[in-house]
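Reviewing the structure listed below.
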């Protein structure tokens, strides 16, 4: 099972500091990313439909980047990077994730759905 990295980008109608809170806090993440999120120090526990996965927060740069490493897989992670479009001034969310090559398009659609929820929660839809 070989996982390949991919990126997706979304324009978010929010400031970087507000968006960052939805990417780093259990409360923020549970509003759009997972059904429930708990954190113990740098260990986060994500739950979807009763199934839980653990990830370690391995990188954090305030208002700029959050990177989690999955505990049950080799070298796979997901990260959120916050950037600003020089052309429009919009806040851009760049997501890096991993999937099997034949599942990447489905995973991108899943991210689109989750980001739609995030935008609605933030009020930037």
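For the residues 11, 85, what sequence is obtained by ranking on other C-beta atoms within 10 Å, fewest first? Write out the running numbers ahead of the final one.
Values: 11 14, 85 11.
So the ranking, lowest neighbour count to highest, is 85, 11.
At 7 Å along Cα-to-Cβ for each site, give me the label-to-label distance between residue 40 and residue 120 in nm.
Going from the residue 40 label point to the residue 120 one covers 3.3 nm.
Run a plain Debye calculation on the range 68-120 (Cα atoms as equal point scatterers, no solvent) and give log10 I(q)/I(0) at q = 0.16 Å⁻¹, rounded to two decimals, same order as the q list.
-0.61
When the Debye formula is applied to the Cα atoms of the chain, each taken as the same point scatterer, what base-10 log of I(q)/I(0) results at q = 0.09 Å⁻¹?
After summing over all Cα pairs, the log10 values are -0.24.
Take 51, 44, 6 and order them by how many other Cβ atoms sit within 10 Å, fewest up front. Before the final figure, lay out the partial values.
On the way: 51 9, 44 20, 6 17.
Going from least to most buried by this count: 51, 6, 44.
Relative contact order, percent, of the range 3-122 when contacts are C-alpha pairs under 8 Å separated by at least 6 residues?
Numbers: 216 pairs, mean separation 36.0, N = 120.
For the range 3-122, the relative contact order is 30 percent.
Each reported figure results from applying straightforward, stated rules to the coordinates on display, with no laboratory input. Bear in mind the structure is a predicted one, so any value in this text is a computation, not a measurement. Virtual Cβ from ideal backbone geometry, glycine too; neighbours counted across all protein chains shown.
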